[in-house]
Amino acid sequence: MADYQTPPPYPAPVLPRIQPSQIIDGIRYFTDSGFSWLTHLGLSSMVSGNVTEDVIQAAMRFPARIQETIVTTSRDLMPVRRWQEHRESYAVHPGTTASMVRLKSDMQIPASALRGLRHSDPLFLLPGAPVIRHADGRPGRVLAFYLTGAISTHYTTDVTLQGRDGRELPSSASLSLSTHDPKINSYHVMAISEVHSEDGRMVVDMDYSHFNIPILDDFTLDEIVEETVHGFSWGMGLTAPVADDLKEPYLRRQATVALTHLLYVISKSAEIGEPKNDRPPAKWKKASGTPKPDKPFKIRPTGYRMGAAIEAFQRRARAGATSGIQPGATGRKMPAHIRSPHQHLYRVGPGRQEIDLKFLGPIPVNQSANDGRTVTIHPVK
């Protein structure tokens with residue numbers, strides 16, 4: 001077994017600004033290693049959706065610890081395999097990501113809106129890298145997440161899932177399907193985040209977290225995050241100590257990042273560009289003896305106009321805040337400021353029964369009233 005284990009790339013320095021191509025390279029390292037390892041064991045079909053009894057028996061012949069690794073590796077590669085069927089990827093502008101994770105959480109959103117996903121089984125790349133505190137207390141950043149479809153018995157009593165031995169599976173189990181399969185009752189998220197050293201300088205590991213987002217009922221952002229957290233099941237193979245008081249904040253952060261980005265790309269106003277190669281095609285000579293490199297895949301720039309506008313507004317606000325002018329009264333009229341990007345529901349169609357979800361970009365308010373002397377101070381809790 002040891003001859004086929006590739007050395008981990010960590011610890012490695014934390015990059016101050018990470019690019020989509022660098023996120024992809026990190027993901028590829030783990031996925032390529034995982035696929036190669038299962039293929040060597042003769043278990044590549046573990047992630048194909050067509051697992052035969054012979055494959056199950058072959059996996060059972062390994063020691064318990066190896067079996068556990070096989071199950072974990074297969075689980076982490078299933079969303080990747082489904083993504084490979086369409087290879088749709090979104091690279092979200094950092095400014096848009098920063099705005100998404102601060103969205104208002106009390107708006108009622110119809111479940112039907114969540115089924116408006118344009119591209120099947122996408123990969124979200126987040127160079128904005130929202131910070132997260134892992135459940136073992138170590139700091140980190142969320143870099144990406146895969147989105148697929150699922151049927152989960154946790155969200156319905158109409159379906160039961162059975163194992164190969166015929167026994168009913170627990171409510172935490174789910175069946176992986178495409179995001180556009182009409183039978184799904186939830187989306188499955190596999191979030192990928194860096195784990196940093198205590199001083200925040202080094203990447204020491206990668207964290208893969210799996211959870212489902214229900215798409216059956218109308219909800220607020222708070223409600224669906226709560227439901228997602230409630231339905232989460234901690235893996236039995238965890239080796240790092242998990243602090244009870246950090247579990248819920250960790251899960252809430254993961255769920256909020258995934259759900260808000262999902263809401264953005266399904267909105268009618270989402271800026272999703274034409275796909276471009278993630279990197280230049282690599283030159284390769286057949287007689288070189290080296291393995292043929294993977295073909296570049298397409299990534300769609302997402303939220304770049306809005307994200308750039310947000311960052312431009314923030315730069316101007318920071319410049320004004322450091323100009324040395326003193327705060328003053330503004331009277332009854334609201335002072336000049338920028339309203340943050342936010343979601344809005346519009347009723348459309350016959351009888352206005354259909355609902356479109358749109359995102360409004362940063363909106364200048366009373367900019368003509370800006371006298372160059374008044375500073376608006378927003379207390380931060």
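The values are calculated or read from the model by the stated rules, or taken from the named source; none is laboratory data. Quantities reported herein were computed from a predicted structural model and do not represent experimental measurements. Positions of Cβ are backbone-derived with ideal geometry, glycine not excepted, and every protein chain shown enters the neighbour counts.
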task: Return yes when ILE213 is among the β-branched types (Val, Ile, Thr), buried (at least 17 other Cβ atoms within 10 Å of the Cβ) and touching a residue at least 40 places away in the same chain (Cβ under 8 Å) and no when it is not.
output: yes
message: Looking only at strands (runs of 3 or more DSSP E) that lie completely in region 80-157, which have at least 2 residues being among the β-branched types (Val, Ile, Thr)?
response: 131-133, 139-152
query: Only one of ALA255, ALA191 is part of a helix (DSSP H, G or I), of a type in the set (A, V, I, L, M), at pLDDT 85 or above and surrounded by 20 or more Cβ atoms within 10 Å (Cβ to Cβ); which?
result: ALA255
- request: Answer yes if at least one residue in region 48-66 is in a helix (DSSP H, G or I), touching a residue at least 12 places away in the same chain (Cβ under 8 Å) and buried (at least 20 other Cβ atoms within 10 Å of the Cβ), and no otherwise.
  value: no
task: Answer yes if at least one residue in region 93-102 is over 18 Å from VAL189 (Cβ atoms) and surrounded by fewer than 19 Cβ atoms within 10 Å (Cβ to Cβ), and no otherwise.
output: yes
query: Among (1) modelled with pLDDT under 90; (2) out of contact with any Pro (no Cβ under 9 Å at 6 or more places or on another chain); (3) in a helix (DSSP H, G or I), which single condition is TYR10 missing?
result: (3)
task: Starting from region 119-133, take each residue that is under 15 Å from LEU177 (Cα atoms) and list its partners that are assigned to a loop (DSSP other than H, G, I, E, B) and of a type outside the set (Ser, Thr, Tyr), counting only C-beta distances under 6 angstrom and pairs at least six apart or across chains.
output: HIS119/GLU88; SER120/HIS86; SER120/HIS180; ASP121/HIS86; PRO122/GLU88
- line: Selection over region 39-54 where residues are closer than 18 Å to GLU85 by Cβ and either touching a helix residue (DSSP H, G or I) at 6+ places or on another chain (Cβ under 7 Å) or among the small types (Gly, Ala, Ser) (or both) yields a count of 7
Residue match in region 57-72 (condition: under 21 Å from LEU177 (Cβ atoms) and hydrophobic (A, V, I, L, M, F, W, C)): yes
query: Of the conditions (1) closer than 26 Å to PRO9 by Cβ; (2) in contact with a Pro (Cβ under 9 Å, 6 or more places away or on another chain); (3) surrounded by 19 or more Cβ atoms within 10 Å (Cβ to Cβ), ARG201 fails just one. Which one is it?
result: (3)
field: Residues satisfying the stated conditions in region 13-32, i.e. surrounded by 17 or more Cβ atoms within 10 Å (Cβ to Cβ) and in a helix (DSSP H, G or I)
entry: PRO20, ILE23, ILE24, GLY26, ILE27, PHE30, THR31
statement: Sole miss for ILE272 among (1) within 23 Å of TYR146 (Cβ to Cβ); (2) out of contact with any Lys or Arg (no Cβ under 6 Å at 6 or more places or on another chain); (3) modelled with pLDDT of 80 or more; (4) of a type outside the set (Gly, Ala, Ser) is condition (2)
